[in-house]
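Scroll down for the structure; my scribbles are underneath it.
The values are calculated or read from the model by the stated rules, or taken from the named source; none is laboratory data. Small disclaimer: the values here were computed from a predicted structure and weren't measured. All Cβ positions, even for glycine, are placed from backbone atoms using ideal geometry, and neighbour counts span all protein chains on display. Keep in mind that these areas ignore ligands, DNA and RNA; they rest on the heavy atoms of the full protein, side chains included. Shrake-Rupley method; radii C 1.70, N 1.55, O 1.52, S 1.80 Å.
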Amino acid sequence: MLLPPVLDALEKDDLKKLQRTRKNSNLGELLHRAAAVGAEACLEALLAEPGGEAAALAPSAVTLTIALHGAKTAPVARRLLALGSLPDARTVKQETPLHFAASLGRAEVIPVLLEAGATLEAQDQDGRTPLMAAVNHAHRKCVQALLAAGANPNHVDAGGVSVLAKAGLGSATAARRECVQLLLEAGADPSLGRASGDQLKLVRELAAAVGTARKKKPSKR
């Protein structure tokens, strides 16, 4: 486990402080954490050390996954992909780097992963796609990026829950309302899958609003 001074150095991408405080810290853990917080200077320095590149691609003793799953920024993701990280590497729960980027709100990482060949409709052990991960956490920019890439707004997971129903979970915050609206505008069907009354309340309200807006648009001749 990394000590607080080491974590602080990585959070601030302070290479000098990292060198002072790291002592016997595990190189693999340092690399994984540097990727997760977007500490680009520290990451490059660690990769340059003997065994650095191999450690970056090895499973972490703590997270049981590879550094790419935690990549915070596009440059970090590109660097790890260039080293040979797999864009579709799976965790024990069958989550891919795209699932992580979507659930953590790292919209800038999504196109990098897709360009590298990440599977847009990859499903975890519960049948959830990256788009479902994005809407579950109400990350509007991630939802936009995934829909723009062609993600299916009508996917239903193994439990029978649709992307739209997943978006309707929780309190009706502005971000969640925007995610629901983006899905509806992309053609999401409110009748798909099973959902609770609370989930459907927000969805139906916004579906009515989107339908009204479409009717008001002048037809093209």
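Below, the figures for the structure above:
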{"quantity": "Solvent exposure ordering (accessible area, 1.4 Å, most first) of V92, V163", "calculated": "V92, V163"}
{"quantity": "Label point distance in nm, A149-L169, each placed 7 Å from Cα along Cα→Cβ", "calculated": "2.1 nm"}
{"quantity": "In sequence order, calculated HN-Hα J values of segment 137-151 (Karplus, 6.51, -1.76, 1.60; Hz; x Gly/Pro)", "calculated": "9, 6, 8, 4, 5, 5, 4, 4, 5, 6, 5, 5, 7, x, 4"}
{"quantity": "Whichever aspartates and glutamates have a C-alpha closer than 17 Å to that of K72, once near sequence neighbours (fewer than 8 apart) are set aside", "calculated": "D8, E11, D13, D14, E29, E40, E44, D88, E95, E108, E115"}
{"quantity": "Nearest-0.05 FRET efficiency for T119 and A45, computed from C-beta distance (R0 35 Å)", "calculated": "0.60"}
{"quantity": "Three-way shape call for segment 59-144 based on the alpha-carbon gyration tensor, with the a/c threshold at 1.5", "calculated": "oblate"}
{"quantity": "Segment 80-121 - convex hull of alpha carbons, volume per residue in Å³", "calculated": "70 Å³"}
{"quantity": "Net lengthening on full extension, A158/D88 (0.36 nm per residue, minus Cα-Cα)", "calculated": "23.2 nm"}
{"quantity": "For segment 162-169, Karplus couplings with θ = phi - 60° (6.51, -1.76, 1.60), whole Hz, Gly/Pro x", "calculated": "7, 4, 5, 5, 5, 5, x, 5"}
{"quantity": "Karplus (6.51, -1.76, 1.60) ³J(HN,Hα), θ = phi - 60°, over segment 20-35, in Hz, Gly and Pro reported as x", "calculated": "6, 9, 5, 6, 9, 4, 5, 4, x, 5, 4, 5, 5, 5, 4, 5"}
{"quantity": "Interchain or long-range residues, amide H under 5 Å from V156's placed H", "calculated": "none"}
{"quantity": "Peptides 84-91, 132-139, 45-52 ordered by average Cβ neighbours within 10 Å, highest first", "calculated": "132-139, 84-91, 45-52"}
